[in-house]
Amino acid sequence: HAVYMLIDTSGTYTQEIEKARVVISYLLGTLNPGDSLAVARVKSRSFSEKDIIAKVTFVRDPLQVNAQKRAFSEQIGKFGAATTKGSAYTDITGGMIQAAQFLNETGAAHKSILIFSDMQEELDYKTVRDFPIDLTGIHIIALNVTKLTTDNVDPRRYLDRMSWWEKRVKTAGAVEWRVVNDLEHPERIF
């Protein structure tokens, strides 16, 4: 199993990072030797290895795996709302392209991208993302999709945004698209 978690660091969403840490802790507790995990931030332009906060492929030796998990947890501990400057834009598509490349390189049979975001992609005029992307064989799970103020005024905006993303990832070959907002039960993610 290989998991790539994207964490939105734009605007006010940086306040949600502590919830993302809970999910990361859950993942560390459930992934096994041979599995891979990466966590990256979604920023103005997210198609870069520089946005990867931590990544690991767990070795076969359970004792070494525990040390790897502790080191990974320490790296994530340094990343938080206090150290994260919110970005002006949100390049979810760039993050997903980067994630798909990482996941495909692992050779894992089961590949998942977890997106911790409000799923509102906002790009500057220079960033090009309106082209087909390849997510073949990847499970896409959006987590903690907070509703924007405009969604409260008109819930159709939220529903349309989720529908647009579902169509985008399925057209790209994703195995599934799901939204999981109940983080009190992280076992529902997989």
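The values are calculated or read from the model by the stated rules, or taken from the named source; none is laboratory data. None of these values were measured; they are calculated from a predicted model. No Cβ is skipped: glycine too gets one built from the backbone with ideal geometry, and neighbour counts run over all protein chains shown. What goes into the accessible areas is simple: the full protein's heavy atoms, side chains included, and nothing from ligands, DNA or RNA. Shrake-Rupley method; radii C 1.70, N 1.55, O 1.52, S 1.80 Å.
Name the longest site-free stretch of the chain, where the excluded sites are trypsin sites (Lys or Arg not before Pro) in a DSSP loop with no more than 15 other beta-carbon atoms within 10 Å.
That gives 1-59 as the longest site-free run.
Taking 57, 9 and ordering them by how much accessible surface each has at a 1.4 Å probe, largest first, produces 57, 9. If the segment from residue 126 to residue 15 were pulled out straight at 0.36 nm per residue, it would be longer than the present Cα-Cα gap by 37.2 nm.
Taking 125, 158, 26 in turn, the Gaussian network model of the chain (Cα-Cα springs below 10 Å) assigns the largest fluctuation to 125. Working from label points 7 Å from Cα in the Cα-to-Cβ sense, the residue 60 to residue 74 distance is 2.7 nm.
Taking the Cα centre of the chain as origin and assigning +1 to Lys and Arg Cβ atoms and -1 to Asp and Glu Cβ atoms, the resulting dipole is close to 220 debye. In the full protein context, region 37-178 carries 53 Å² of accessible surface per residue, based on a 1.4 Å probe and ignoring ligands, DNA and RNA. When the square roots of the Cα gyration tensor eigenvalues are ordered a ≥ b ≥ c, the ratio a/c for region 106-189 is 1.5 or more and a/b does not exceed b/c, which makes its shape oblate. When you restrict to C-alpha pairs under 8 Å that are six or more residues apart and normalise by the size of the chain, the relative contact order lands at 24 percent. When a 1.4 Å probe is rolled over the protein heavy atoms, the share of accessible surface on the chain that falls to carbon and sulfur comes to 51 percent.
Here the calculated FRET efficiency for residue 159 and residue 101, from their Cβ-Cβ distance with R0 = 30 Å, stands at 0.45, rounded to the nearest 0.05. Enter the angle in degrees (range 0 to 90, nearest 10) between the Cα long axis of helix 17-30 and the first principal axis of the Cα atoms of the chain, meaning the one along which they spread out most. The angle comes out near 40 degrees.
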